[in-house]
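The values are calculated or read from the model by the stated rules, or taken from the named source; none is laboratory data. Note that the coordinates shown come from a computational prediction; the quantities given were computed from them, not determined experimentally. Because the Cβ atoms are built from the backbone with ideal geometry, glycine has one as well, and the counts that use them run over all protein chains shown.
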Amino acid sequence: PVSRAGHLLDDLNPAQRRAVEHAGSPLLVVAGAGSGKTRVLTRRIAYLLAARDVHPGEIMAITFTNKAAAEMKERVADMVGSRARSMWVSTFHSMCVRVMRREAKTLGMSSNFSIYDSDDTRRLITLVARDLDLDPKKYPARTLAVHISNLKNELVDPETATAQATNDLERRVAEVYTVYQRRLGESNSLDFDDLIMRTVELLQTFPDVAEHYRRRFRHVLVDEYQDTNHAQYTLVRELVGKAGGEIPPAELCVVGDADQSIYAFRGATIRNIVEFERDYPDATTILLEQNYRSTQNILTAANAVISRNPNRRDKSLWSDLGEGEKIVGYVADNEHDEAAFVANEIDRLVDGGEVNNSEIAVFYRTNNQSRVFEEIFIRLGLPYRVVGGVRFYERREVRDALAYLRTLANPDDTVSLRRILNVPKRGIGERAEACVSAYAERERISFAAALRDLDKVPMLNPRSRNAIAGFVEMMDELGEMVAREDDVADILEAVLEKTGYRTELEASEDPQDHTRVENLNELVTVAREFTELELPEGAEPVPSLPAFLERVSLVADADSIPDAESDGVVTLMTLHTAKGLEYPVVFSTGWEDGVFPHMRALGDPAELAEERRLAYVGITRAQRRLYLSRALVRSAWGQPSANPASRFLGEIPEDLIDWRRTEPSRSTPAAATTWGRSASGGMASRGLSRPAPGKQGWKDAPAMKLDVGDRVTHDKYGLGRVVAVDGAGLRATATIDFGASGTVRLMLIGSVPMTKL
Ligand code: ATP
Ligand code: MG
């Protein structure tokens, strides 16, 4: 077999080759961006199969996105054909779903459990907090959700959280966590963090289950190891097993770069990569130093920025691709001007035949920044795709339709059931819902069971009773299709018909409702395609409803990244999503203090270091051309504000940057370097801190049309209801009640990070 494998080593450097060939002890490959870590991981899998006669079924590889997993699988399938199917290549979450579906019974759950995403989680936490009479101002659901998620990432269960709580907040969190966890159980549901935590629990509590997986998976490989959290770290340890046991530990290979750790807010800790050698004392570490992705100028800029971070191991990363072009810098008047610059530049590059659209990416710090780019790209007819943002599956109508499907698949899924109980309106009011809920809580039965026990539910009026009975009857009819294992697309069609959901939207005069109908049709198409997917030969057919729901709940942001060659579109995404990717041309935008680095990080050294790593990730995505831009004025949360230059810009040696446009009156160097807080007054006197009416960009920016009573979702404040609308045109404002986040008055000009629901 080694001769067959020889070519697998041909295009690797000696260090990479050693990593691919290494056998036995745990292996850590640490290296800077673009040094071929992912290439080593993929190649290693191929090499295991070709040269070491490992069976694909013995391999478990963990990637950061489902897309990366699919690509890896495909490459291996090209080599070994259908045998590749028995290999597990997936994200942590997908892998855990797979284990949990098989082993749910061991943990006393049924295998048709639902997976709650962050929105479902927040809904359930809101319900729990309300039942516990917590003041939503003091304990917003969002905050509670973050704390509970942190506990889960640290593998702290409710009992331990309760015992460890030392202050009021921690005690409240523990209380909510306890009830929340119980309700999840009653709903036969797991949230995202549970997927990992409960799998760890499974492996730690049931040695025979753990042994089964350890016997099976003899090779465990993990990409982007710097972004694992404690729960994921423990999961890997459990899968690998310890020396001295009955089964020798699996071969472990992890690759990563501490400088690219950008998920601390999800509990990721570089401790895992930094202390790998302590965790696995017989580990081998291999360093890679040559970067194959970027030109030297880009690399020098990246190194200059990251070297400002304290407590890091310095790496010497070099490239032999030559100096390349200088980095292009641009200072825009406002975000519209910035977007126009990017669009024009893309036009110029593509017209010149240097690159095509799909080789270009535009990055920004937060999702809401995509809107201005979209506006101008649409106007210019520049094809683009936004990765992430308000995703298809997050739209209200899509969530409603999916909630019906989820309720049908798992009647105990209370969050989904309560979501659609009165959608479309069928006369089941909040009071009736509360009566049923109280009854269910008292009897310790599920909400669905309580709906069937109507006679015993106190204080229900006859009208509600009838309405609920009608609803139950309709769900039973639909349930028959599920029992028959009808195609998910047919079930979905029946849901849209029988509930009257589609008819109601079609009858509406609101143009937004027509878009909603289109989205629902799109969902039917997705379901139809899913049904018609060809099963791999030998695979057992599974009922399409649960399989479809599982697929839908695991679509990660990065999964919608267009295929580089096939789509002629520019890709827009956040810096976080860009991790692991590469593009010949990169526009990284919004380099302003308060935007990037994020406002939150300005006074916090740890957060600032994380933002700097994000800058490093962003810069190192570029292969040949890098553009860095910022805007003097940007409207944030509906208010225009003057932003100083990002401190990271100043960390890049000036001679690497070719400034196409600088600040208007950058007369003295001193003014340039102190252009910060103190300078914003100066900007105001130049009339820059307010949008100048009539100035291109602002004039074009459409005022958002809102009426009293409209429901909106705001990127920062969440869900809200409009309570007042004042002024018109440039002076239009809306006062919006965001519940727990308070009541806020917002200007409606420019790009408000808000969507009308
Ligand atoms: P990141 O830290 O951004 O995830 P990485 O270390 O995983 O980067 P890869 O994506 O594996 O790096 O590799 C970067 C680029 O360099 C890819 O296009 C890859 O194909 C190429 N590359 C890696 N090693 C070699 C090599 N030995 N010869 C030629 N090209 C290489
Ligand atoms: Mg990589």
- Of the conditions (1) touching a residue at least 40 places away in the same chain (Cβ under 8 Å); (2) out of contact with any Lys or Arg (no Cβ under 8 Å at 6 or more places or on another chain); (3) in a helix (DSSP H, G or I), Asp119 fails just one. Which one is it? (2)
- Query: Residues Glu246, Glu275: which one is among the acidic types (Asp, Glu), under 30 Å from the mean Cα position of the chain (by Cα), in the same structural domain as Asn13 (by TED's automatic domain parsing) and modelled with pLDDT under 95?
  - Reply: Glu275
- Task: Kindly provide the set of residues from the range 13-47 that are over 18 Å from Trp318 (Cα atoms), among the small types (Gly, Ala, Ser) and within 14 Å of ligand 1 (Cβ to nearest atom), ordered by number.
- Result: Ala19, Ala46
- Message: Looking only at the range 210-220, count every residue that is closer than 15 Å to Cys96 by Cα and either in contact with a Lys or Arg (Cβ under 9 Å, 6 or more places away or on another chain) or at pLDDT below 95 (or both) and tell me the total.
- Response: 0
- Task: Mind checking which helices (runs of 4 or more DSSP H) fall wholly inside the range 555-674 and carry at least 1 residues that are at pLDDT 90 or above and buried (at least 22 other Cβ atoms within 10 Å of the Cβ)?
- Result: 605-619, 647-650
- Any residue in the range 27-47 that's farther than 15 Å from Gln290 by Cβ: show its pairings with residues that are of a type outside the set (D, E, K, R) and near ligand 1 (Cβ under 9 Å from one of its atoms) at Cβ separation under 9 Å, as long as the two are six or more apart or on different chains. Leu27/Val255; Leu28/Val255; Leu28/Gly256; Leu41/Val29; Leu41/Val255; Arg43/Leu12; Arg43/Gln16; Arg43/Gly36
- Task: Among the residues of the range 471-515, write down those that are without any contact (Cβ under 8 Å) to a residue 12 or more places away in the chain and among the hydroxyl-bearing types (Ser, Thr, Tyr).
- Result: Thr503, Ser508, Thr515
- Conditions (1) polar (S, T, N, Q); (2) in the same structural domain as Tyr177 (by TED's automatic domain parsing); (3) more than 22 Å from Val236 (Cα to Cα): number failed by Asn150: (3)
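For residues in the range 188-203 being acidic (Asp, Glu) and within 21 Å of the chain's Cα centre (by Cα), which is nearest to ligand 1 (Cβ to nearest atom)? Talk me through it step by step, then tell me what you get.
Start the filter on the range 188-203 by keeping residues that are acidic (Asp, Glu), which leaves 191, 193-194, 201.
Pick out the ones that are also within 21 Å of the chain's Cα centre (by Cα) and you get 191, 193-194.
Details: Asp191: 28, Asp193: 25, Asp194: 28 Å.
Filtering first and then ranking leaves Asp193.
Given the condition polar (S, T, N, Q), in the same structural domain as Thr620 (by TED's automatic domain parsing) and surrounded by fewer than 22 Cβ atoms within 10 Å (Cβ to Cβ), answer yes or no: does some residue in the range 369-391 qualify?
Start the filter on the range 369-391 by keeping residues that are polar (S, T, N, Q), which leaves 369-370.
Okay, now just the ones that are also in the same structural domain as Thr620 (by TED's automatic domain parsing), so 369-370.
Then keep just the ones that are surrounded by fewer than 22 Cβ atoms within 10 Å (Cβ to Cβ); that gives none.
Checking the range 369-391: not a single residue is polar (S, T, N, Q), in the same structural domain as Thr620 (by TED's automatic domain parsing) and surrounded by fewer than 22 Cβ atoms within 10 Å (Cβ to Cβ).
Does Gly650 qualify as being farther than 17 Å from Thr574 by Cα, outside the structural domain of Ser261 (by TED's automatic domain parsing), within 28 Å of the chain's Cα centre (by Cα) and free of Cβ contacts under 8 Å to residues at least 40 places away in the same chain?
Numbers: farther than 17 Å from Thr574 by Cα: yes; outside the structural domain of Ser261 (by TED's automatic domain parsing): yes; within 28 Å of the chain's Cα centre (by Cα): no; free of Cβ contacts under 8 Å to residues at least 40 places away in the same chain: yes.
When the stated conditions are applied, Gly650 does not pass them.
Check Lys37, Lys67 and return the single one that is of a type outside the set (Phe, Trp, Tyr) and either at pLDDT below 90 or in contact with a helix residue (DSSP H, G or I) (Cβ under 8 Å, 6 or more places away or on another chain) (or both). Write out each step before concluding.
On the way: Lys37 fails: either at pLDDT below 90 or in contact with a helix residue (DSSP H, G or I) (Cβ under 8 Å, 6 or more places away or on another chain) (or both).
Exactly one of Lys37, Lys67 is of a type outside the set (Phe, Trp, Tyr) and either at pLDDT below 90 or in contact with a helix residue (DSSP H, G or I) (Cβ under 8 Å, 6 or more places away or on another chain) (or both), namely Lys67.
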- Query: Yes or no: Arg216 away from ligand 2 (no atom under 16 Å from the Cβ) and not assigned by TED's automatic domain parsing to the domain that holds Ser25?
  - Reply: no
- Item | the range 280-309, residues that are among the small types (Gly, Ala, Ser) and surrounded by fewer than 22 Cβ atoms within 10 Å (Cβ to Cβ) | Ala283, Ala304, Ser307
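Please tell me if Thr63 is among the hydroxyl-bearing types (Ser, Thr, Tyr) and surrounded by 23 or more Cβ atoms within 10 Å (Cβ to Cβ).
On the way: among the hydroxyl-bearing types (Ser, Thr, Tyr): yes; surrounded by 23 or more Cβ atoms within 10 Å (Cβ to Cβ): yes.
For Thr63, the condition - among the hydroxyl-bearing types (Ser, Thr, Tyr) and surrounded by 23 or more Cβ atoms within 10 Å (Cβ to Cβ) - is met.
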- Item | the range 347-385 - residue that is in contact with a Phe, Trp or Tyr (Cβ under 8 Å, 6 or more places away or on another chain) and among the aliphatic types (A, V, I, L, M) and, of those, farthest from Asp715 (Cα to Cα) | Ile360
- For Val342, state whether it is among the β-branched types (Val, Ile, Thr), surrounded by fewer than 21 Cβ atoms within 10 Å (Cβ to Cβ) and within 27 Å of the chain's Cα centre (by Cα). no
